[in-house]
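Colleague: Attaching a single structure in structure tokens format; questions to follow.
The values are calculated or read from the model by the stated rules, or taken from the named source; none is laboratory data. Treat the numbers as computed from the prediction; the structure is a model and nothing was measured. Cβ coordinates were reconstructed from backbone atoms using ideal geometry, including for glycine residues, and neighbour counts include every protein chain displayed.
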Amino acid sequence: MNLRALRWGVVVLVVLAGLAFLVKGANRPADPSLKAGEPVSLPRAHFGDFPEVAFHVEGGAANAAAIRCALLADTTARQELGLMNRTEMGGYDGMIFAFGSDTTVSFYMKDTPLPLSIAFFDANGQFVSTTDMAPCLDQASCPLYNATRPYRYALEVPQGALPRLGIAAGTRLVSGGPCP
């Protein structure tokens, strides 16, 4: 008789656990303040001496105005290193290359295993153009990628992420200040 009571006890516990699971909800975020489509802050793995910079996109998709975080390549040394030897973004949305004046400098993917998309913006942050860039490893020369006209800022992101950030013709990049 003890075995029969034990089986019934296990069945009752399983049923109660199932009901609690349904009542609590299995499909909710752990933090109910999160809303669908909002960026989720991941722990950021800082690398090198790159500072962080906050940015957002104006005039794009509804969720584009969210404050994002990027690494900032604002010196020649940082710009030359860029995302070389990185296989992931380490919790950052991208890397912003900020130049002191308008430029037509070409980008390349030497020793960069992560496929990237790049968006170029003028001195006012207005969209100039975009292109996708393929990894270029163990090669003597790599393809060069250019904007369609002079630019002041470039934003590198994992390939395909520009639409998620709301970046397209008619948008504006606004950067500055600390990351959230």
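Colleague: Output the number of the condition that Pro180 fails; it satisfies all remaining conditions of (1) at pLDDT 95 or above; (2) under 20 Å from His56 (Cα atoms); (3) loosely packed, with under 14 Cβ neighbours inside 10 Å.
Modeller: (1)
Colleague: So, in the stretch 52-86, exactly how many residues are within 16 Å of the chain's Cα centre (by Cα), over 15 Å from Leu162 (Cβ atoms) and not aliphatic (A, V, I, L, M)?
Modeller: The qualifying residues number 4.
Colleague: Here's a follow-up. So, in the stretch 57-71, how many residues would count as being β-branched (Val, Ile, Thr) and modelled with pLDDT under 75?
Modeller: 0
Colleague: For the stretch 35-56, which residues satisfy the criterion of being of a type in the set (A, V, I, L, M) and modelled with pLDDT under 95?
Modeller: Ala36, Val40, Leu42, Ala45
Colleague: Determine, yes or no, whether Asp74 is at pLDDT 95 or above and surrounded by fewer than 19 Cβ atoms within 10 Å (Cβ to Cβ).
Modeller: The answer is yes for Asp74.
Colleague: In this structure, does Ala73 turn out to be of a type outside the set (Phe, Trp, Tyr) and touching a helix residue (DSSP H, G or I) at 6+ places or on another chain (Cβ under 7 Å)?
Modeller: It is true that Ala73 is of a type outside the set (Phe, Trp, Tyr) and touching a helix residue (DSSP H, G or I) at 6+ places or on another chain (Cβ under 7 Å).
Colleague: Return the residues of the stretch 77-95 that are touching a Ser or Thr at 6+ places or on another chain (Cβ under 6 Å) and surrounded by 19 or more Cβ atoms within 10 Å (Cβ to Cβ); say none if nothing qualifies.
Modeller: The answer is Leu83, and nothing else.
Colleague: Within the stretch 103-110, identify whether any single residue is under 21 Å from Gly177 (Cα atoms) and either modelled with pLDDT of 95 or more or in a strand (DSSP E or B) (or both), and answer yes or no.
Modeller: No, the stretch 103-110 contains no residue that is under 21 Å from Gly177 (Cα atoms) and either modelled with pLDDT of 95 or more or in a strand (DSSP E or B) (or both).
Colleague: Could you run through the stretch 51-71 and say how many residues are in contact with an Asp or Glu (Cβ under 9 Å, 6 or more places away or on another chain) and crowded, with 18+ Cβ neighbours inside 10 Å?
Modeller: Looking only at that region, the number is 7.
Colleague: Something else about it: Go through the stretch 129-180 and count every residue that is more than 20 Å from the chain's Cα centre (by Cα) and either within 21 Å of Ala98 (Cβ to Cβ) or not in a strand (DSSP E or B) (or both).
Modeller: Number of matching residues: 17.
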